[in-house]
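Take a look at the structure set out below.
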Amino acid sequence: MRDDMDDLSVKKRKVSREVRIEEANNGTVISFAGGNIDGANREFLRETLKRLFKEGCQLVSIDMSNTVSVETGFFGVINFHTDRGNQVEIINPSERVQEIMNTRKRIATDLENGI
């Protein structure tokens, strides 16, 4: 297996020991197997999403079932793409990721309401 981004057309491909890209019936699934998503994972996601959407992918699902901590810019990468009309979803968030997402949602709501 290759560890570069030259060929995303492979049905199932291990990119590193922590990230896996798989084609699914309705799009592409990116799975983060490691417990921590750091800056390197964020940059990998940024480049991967850019490439997948450029190639015509309609939906990217990010499996975060094994994720414990998330580098803050990670959600910014996702927001960048969804703000431009691309479909990105988080699936199977771990309990910790769900807590982070709920906190982000509360903060956004408070800001919208001027609190």
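Every number here is computed from the coordinates shown, using simple stated rules; none is lab data. What you see is a predicted model, and the numbers here were worked out from it, not measured in a lab. Ideal geometry is used to build each Cβ from the backbone, glycine not excepted, and the neighbour counts take in all protein chains shown.
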- Query: Taking θ as phi - 60°, what are the ³J(HN,Hα) couplings along region 70-77 by the Karplus curve (6.51, -1.76, 1.60), each to the nearest whole Hz, with x for Gly and Pro?
  - Reply: 10, 5, 4, x, 4, 5, x, 5
- Quick one: compute the contact order of region 12-112, relative version, from alpha carbon pairs under 8 angstrom and 6+ residues apart, as a percent. 25 percent
- Query: Which of 36, 52, 115 sits closest to the plus end of the dipole of the chain, meaning its Cα is farthest towards the positive end, when Lys and Arg get +1 and Asp and Glu get -1 on the C-beta?
  - Reply: 52
- Is the chain best put as rounded, prolate or oblate by its Cα gyration tensor, with a ≥ b ≥ c the root eigenvalues, rounded for a/c under 1.5, and otherwise prolate when a/b is larger than b/c, oblate when not? prolate
- Under a plain spin-label model, where a point goes 7 Å from the Cα along Cα-to-Cβ, how far apart in nm are residue 47 and residue 66? 2.1 nm
- Under 5 Å from the placed amide H of residue 90, counting only residues 5+ away or on other chains, we find 62
